[in-house]
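Written out below as structure tokens is the structure these notes cover.
The values are calculated or read from the model by the stated rules, or taken from the named source; none is laboratory data. All figures in this text were calculated on a predicted structure; none of them were measured in a lab. Cβ: placed from backbone, ideal geometry, glycine included. Neighbour counts: every protein chain shown.
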Amino acid sequence: MRRLAIGKKISSREVLEDLRAEDIGLLRCMQCGRCTGGCPAAGVFEDFSPRLVMHELIEGETENVLKGDMIWKCGQCYTCHLRCPRGNSPATVILILRELSLKRGYSKDKVKEIAAKCGVLMWKKGVNFYEEGSRELPDEAAYEVEDILRRSGYEAFLKALGVDLP
Amino acid sequence: MSECHYLFKSCILGAYYPEAERCLRVVFDRLDTQYVDDPAQSSCTGHGYHSGIYPLKTTLEVNRRNFSLARGKGCDDIVTSCVTSYATLKEMKKLLKDPIKIYHGLEVLYEHRNEILRGLKYNLEGIKVVTHHGCHYTKIFYDDVKAGDPERPVLLDEIATSLGGEVLDYSERSLCCGMGFNHLLLDQEYCKKIARRKLESIKKVNPDLILVHCPGCLLTLDRFQGILKQEMGLELQIPVLNYTELIALLFGVASDEIGIKTHHVALEGVIERIKE
């Protein structure tokens, strides 16, 4: 359990231990709401607010956030990251939470379809997008990438999502 | 910047606008800028990484290989044609503490903007332009934005002006194009609503073209004009050009070689006016 300067607790050590959390000032959030004020996704989805994601996190409600829909509504434009007066990065926190959510076995339905498209293309061709005849890696390079994907745990990641590999 | 750039190719351009990517090479050749085009370079995973389908570890390891390939070719910088590659590589470089330098292709051409003027066959006189800088260029590593303020980057504006064009302002200038990563590949509600907000704000100032430097923005601002017309009856028809296509065109490269057939919104009208 870590204490916040404003007296609130954060329950997920895993979030703080992520390499990306090192300099994003997670614990400096003062709930000013500037992130939500400039957020395009908050204007599209009534129930989405980066400020609220941060609030849940600092209140120790990490599991709720990981199980919920909210983290999948962010469009990853990083306006919140640019504008946060405390140097926090809700967009980066959301990426960390997306990864944790999948690691816990939640949210599979949110990404399975995308992983079945882009992830499988990466595995086979070394690219995220492909159209008939478009650029793909030569065989030897594609095998190298496949080996890296396997060794970095990506094969297991896709299998856990229920995505079949060729 | 180093003598020889490792050219980092984009997945979206490769699949949907291959000529827009080829144009960067054409422009580099005209400017005598040295680069390595390595077929072994893989995707940075960026689009999938921001959609949540790659764990950090996988993105780190895939790009450790890309950095090593660049060094193996004698390059100490990587020049990307995509802004998400730019930001993803910068983030991974930082986390891996790798000394390699990362630039976006627009930054290289911005440095060469005076030489570009010497090679022009046409210019943008009488053409009204709006610009859109990609969020992953301006908003992630905001201290590195080469010209203007991160809230108001002006690389494309300065290039368009130096080419003779008139740059117009619009109210949603700093708004995301609407691409939204996972949203693009799922129900697209975010994409349609944000692209509409952006494009309607652009339509109000009635430009001849939208100038972009990001594959995702090109795809979204170009193709969603068709989707918005079909689903909501919105008449926009604003041509969208990648900076590489525009400069190649002004150098005198033929229209079909800059890939006008890959665009949803017809470019013939504005190209004819540029060539008048």
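What to note about this one:
- Where B:Arg152 falls short, out of the listed (1) out of contact with any Leu (no Cβ under 8 Å at 6 or more places or on another chain); (2) facing another protein chain (nearest Cβ under 10 Å): (2)
- Cβ-Cβ contacts under 7 Å between residues 6 or more apart (or on different chains), taken from a first residue in region B:212-229 that is closer than 17 Å to B:Ser201 by Cα and in the same structural domain as B:Thr80 (by TED's automatic domain parsing) to a second residue that is among the hydrophobic types (A, V, I, L, M, F, W, C) and part of a helix (DSSP H, G or I), are absent.
- Of all residues in region A:98-119 being hydroxyl-bearing (Ser, Thr, Tyr) and farther than 19 Å from B:Leu184 by Cβ, the one that is nearest to the other protein chains (Cβ to nearest Cβ): A:Ser101
- Any chance B:Arg196 is closer than 28 Å to B:Thr45 by Cα and not in a helix (DSSP H, G or I): no
- Residue list for region A:94-111, restricted to those being of a type in the set (D, E, K, R) and modelled with pLDDT under 95: A:Lys103, A:Arg104, A:Lys108, A:Asp109, A:Lys110
- Unique match (being surrounded by fewer than 19 Cβ atoms within 10 Å (Cβ to Cβ), out of contact with any strand residue (DSSP E or B) (no Cβ under 9 Å at 6 or more places or on another chain) and hydroxyl-bearing (Ser, Thr, Tyr)) among A:Tyr130, A:Tyr106, A:Tyr154: A:Tyr106
- Test: residue in region B:125-133 that is in the same structural domain as B:Cys44 (by TED's automatic domain parsing), in contact (Cβ under 8 Å) with a residue 24 or more places away in the chain and hydroxyl-bearing (Ser, Thr, Tyr): no
- Qualifying positions in region B:16-45 - part of a helix (DSSP H, G or I), touching a Leu at 6+ places or on another chain (Cβ under 8 Å) and either within 16 Å of A:Gly126 (Cα to Cα) or at the interface with another protein chain (Cβ under 8 Å from one of its Cβ atoms) (or both): B:Tyr16
- Summed over region B:216-261, the residues that are among the β-branched types (Val, Ile, Thr), crowded, with 24+ Cβ neighbours inside 10 Å and in a helix (DSSP H, G or I) give a count of 4.
- Selected residue (criterion: nearest to the chain's Cα centre (by Cα)) from residues of region B:1-54 that are of a type in the set (Ser, Thr, Tyr) and within 30 Å of A:Ser107 (Cα to Cα): B:Ser10
- Criterion applied to B:Asp157, B:Asp144 was being farther than 30 Å from A:Arg20 by Cα, within 18 Å of the chain's Cα centre (by Cα) and outside the structural domain of B:Cys82 (by TED's automatic domain parsing), and the one residue passing it is B:Asp157.
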